[in-house]
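Asks: Just dropping this structure here.
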Amino acid sequence: MATDQTYSTTRPLFGQVAIVTGASRGIGRSIALALARAGAHVIVNYRASAEAAAEVVAQIRAMGSRADAIQADVTRPEDVERLVQAATQFGIPRILVNNAGIASAQLLMDTTLEEWESLMRSNLTAPFLCTKAVLQHMIRAEYGRIINISSIWGIAGGSFEVAYSASKGGLISFTKALAKEVARSGVTVNAVAPGAIDTDMLQHLSSDERQALEQETPVGRLGRPEDVAHAVLFLASPSASYVTGQVISPNGGLII
Ligand code: NAP
């Protein structure tokens with residue numbers, strides 16, 4: 001268990017094993033780098049982008065922290081078991097960031113059952129599988145930080161994104177319920193619900209749509225992956241022990 005004796009203000013996560021799912025690109029990559037900068041040993045999970053994941057690992061090692069890339073499709077229970085087993089070789093996982101996710105934009109009437117199930121599997125079942133696999137270790141250690149990456153659409157609902165919104169809203173309910181269930185074990189569970197963040201996930205937008213989104217956002221710009229990573233870093237720190245079951249939404253004021 002982290003105590004005042006193990007806490008360092010310069011590298012508050014020194015030596016802590018942190019699993020970040022979907023850390024090869026975008027928001028997950030930025031979270032991995034932020035946790036590593038704070039001293040964590042980061043397990044950089046990816047599904048297909050081996051080269052990008054290797055680059056994240058190299059960047060972390062260059063800054064003097066530890067990192068390992070582990071391929072696993074987090075929608076598959078056997079892959080999740082393998083991922084967590086590999087991580088525990090480096091120590092008890094103290095931080096889990098359920099970041100991997102997929103999006104899709106279409107009318108509900110055009111959404112097939114297969115598409116619905118695929119979104120639920122990636123955005124809700126995968127966090128369930130990863131959380132279940134690390135929770136046993138965290139409870140035994142009486143310490144843990146679980147951070148689920150939801151979305152503003154999980155709070156407010158987005159038209160053309162009913163399935164995505166439902167999956168991300170489900171993740172917020174999952175967060176709140178589990179926070180209560182494990183609070184006495186020293187494990188906190190929180191969600192971060194970003195607004196529009198400039199990653200591959202927004203590449204389908206036309207330049208007009210991007211501009212409209214920027215104008216609609218009170219701070220006048222799209223979010224950067226680092227805007228999300230800062231919030232995650234706070235929730236992952238030992239000093240956030242009294243924050244649980246909460247949703248922090250870095251969204252530039254898009255929803256208030
Ligand atoms: P992204 O750029 O598309 O990156 C997605 C990451 O997830 C990649 O590293 C990808 O790995 C990984 N991934 C996807 N499915 C996976 C699986 N089954 N197993 C393992 N890894 C998997 O997405 P992003 O924009 O960074 O989004 C990250 C999270 O933030 C998602 O949960 C998303 O819903 C949420 N979010 C994003 C925005 C936004 O505007 N961008 C807003 C709100 C919330 P590979 O590279 O190997 O494919």
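The values are calculated or read from the model by the stated rules, or taken from the named source; none is laboratory data. Everything numeric in this text was worked out from a predicted model, so none of it was measured. For neighbour counting, all protein chains shown are included, and Cβ atoms are generated from backbone atoms with ideal geometry for every residue, glycine included. Remember, those area values only see protein heavy atoms, side chains included, never the ligands or the DNA or RNA. Shrake-Rupley method; radii C 1.70, N 1.55, O 1.52, S 1.80 Å.
Residues are listed down the side, and each one gets a yes or a no for (1) more than 21 Å from Thr175 (Cβ to Cβ); (2) of a type outside the set (Phe, Trp, Tyr); (3) under 19 Å from the mean Cα position of the chain (by Cα):
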{"position": "Ala69", "(1), (2), (3)": "yes, yes, yes"}
{"position": "Ala72", "(1), (2), (3)": "yes, yes, yes"}
{"position": "Asp79", "(1), (2), (3)": "yes, yes, yes"}
{"position": "Val84", "(1), (2), (3)": "no, yes, yes"}
{"position": "Gly91", "(1), (2), (3)": "yes, yes, no"}
{"position": "Leu96", "(1), (2), (3)": "no, yes, yes"}
{"position": "Ala100", "(1), (2), (3)": "no, yes, yes"}
{"position": "Gln106", "(1), (2), (3)": "yes, yes, no"}
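Asks: Look at segment 49-72 and say how many of its residues are near the ligand (Cβ under 8 Å from one of its atoms) and closer than 25 Å to Gly195 by Cα.
Replies: Qualifying residue count for the region: 3.
Asks: Among all residue pairs at least 6 apart or on different chains, which show Cβ distances below 8 Å where the first residue, located in segment 136-155, is under 12 Å from Ala183 (Cα atoms) and the second is among the basic types (Lys, Arg)?
Replies: Filtered contacts from segment 136-155: Met138/Arg94; Tyr143/Arg94; Gly144/Arg94; Arg145/Arg94.
Asks: Moving on. Cβ-Cβ below 6 Å, separation at least six or inter-chain, first residue in segment 76-99 and modelled with pLDDT under 95, second open to solvent by less than 20 Å² (accessible area, probe 1.4 Å) and among the polar types (S, T, N, Q): which pairs?
Replies: As it stands, the answer is none, since no pair meets every condition given.
Asks: Ser237 is checked against (1) touching a Pro at 6+ places or on another chain (Cβ under 6 Å); (2) near the ligand (Cβ under 9 Å from one of its atoms) and fails just one. What number does that condition carry?
Replies: (2)
Asks: While we're here: Within segment 149-166, does at least one residue satisfy the condition of being over 22 Å from Ser104 (Cβ atoms) and at pLDDT 95 or above?
Replies: Looking only at segment 149-166, we keep the residues that are over 22 Å from Ser104 (Cβ atoms), and these are none.
No, every residue in segment 149-166 fails to be over 22 Å from Ser104 (Cβ atoms) and at pLDDT 95 or above.
Asks: Just one of the numbered conditions (1) under 24 Å from Ala240 (Cβ atoms); (2) within 20 Å of the chain's Cα centre (by Cα); (3) open to solvent by 70 Å² or more (accessible area, probe 1.4 Å); (4) among the basic types (Lys, Arg) is not true of Arg184; which one?
Replies: Exception for Arg184: condition (2).
Asks: Given the condition part of a helix (DSSP H, G or I) and buried (at least 16 other Cβ atoms within 10 Å of the Cβ), answer yes or no: does some residue in segment 237-251 qualify? Reasoning before the result, please.
Replies: Restricting attention to segment 237-251, the residues satisfying the condition of being part of a helix (DSSP H, G or I) are 238-240.
So of that shortlist, the ones also buried (at least 16 other Cβ atoms within 10 Å of the Cβ) come out as 238, 240.
Yes, there is a match, as at least one residue in segment 237-251 is part of a helix (DSSP H, G or I) and buried (at least 16 other Cβ atoms within 10 Å of the Cβ).
Asks: Separate question: Name the residues in segment 176-216 that are assigned to a loop (DSSP other than H, G, I, E, B), touching a residue at least 40 places away in the same chain (Cβ under 8 Å) and within 10 Å of the ligand (Cβ to nearest atom), would you?
Replies: Selection gives Ala193, Pro194, Gly195, Ala196, Thr199.
Asks: Sort out which residues of segment 80-137 are of a type in the set (Phe, Trp, Tyr) and either buried (at least 24 other Cβ atoms within 10 Å of the Cβ) or in a helix (DSSP H, G or I) (or both), and write them in order of number. Before the answer, list the steps.
Replies: If we filter segment 80-137 for residues that are of a type in the set (Phe, Trp, Tyr), which is where we start, we get 90, 116, 128.
Of everything in segment 80-137, those that are of a type in the set (Phe, Trp, Tyr) and either buried (at least 24 other Cβ atoms within 10 Å of the Cβ) or in a helix (DSSP H, G or I) (or both) turn out to be Trp116, Phe128.
Asks: Would you please name the residue that is nearest to Ala86 (Cα to Cα), looking only at residues in segment 28-41 that are within 13 Å of the ligand (Cβ to nearest atom) and touching a strand residue (DSSP E or B) at 6+ places or on another chain (Cβ under 6 Å)?
Replies: Applying the filter and picking the extreme gives Ala32.
Asks: Right, another one. Within segment 214-236, which residues are β-branched (Val, Ile, Thr), more than 11 Å from Gly195 (Cα to Cα) and open to solvent by less than 50 Å² (accessible area, probe 1.4 Å)?
Replies: At the first step, the residues of segment 214-236 found to be β-branched (Val, Ile, Thr) are 217, 219, 228, 232.
Restricting the remaining residues to those that are more than 11 Å from Gly195 (Cα to Cα) gives 219, 232.
If the condition is that a residue be β-branched (Val, Ile, Thr), more than 11 Å from Gly195 (Cα to Cα) and open to solvent by less than 50 Å² (accessible area, probe 1.4 Å), then Val232 is the only one that fits.
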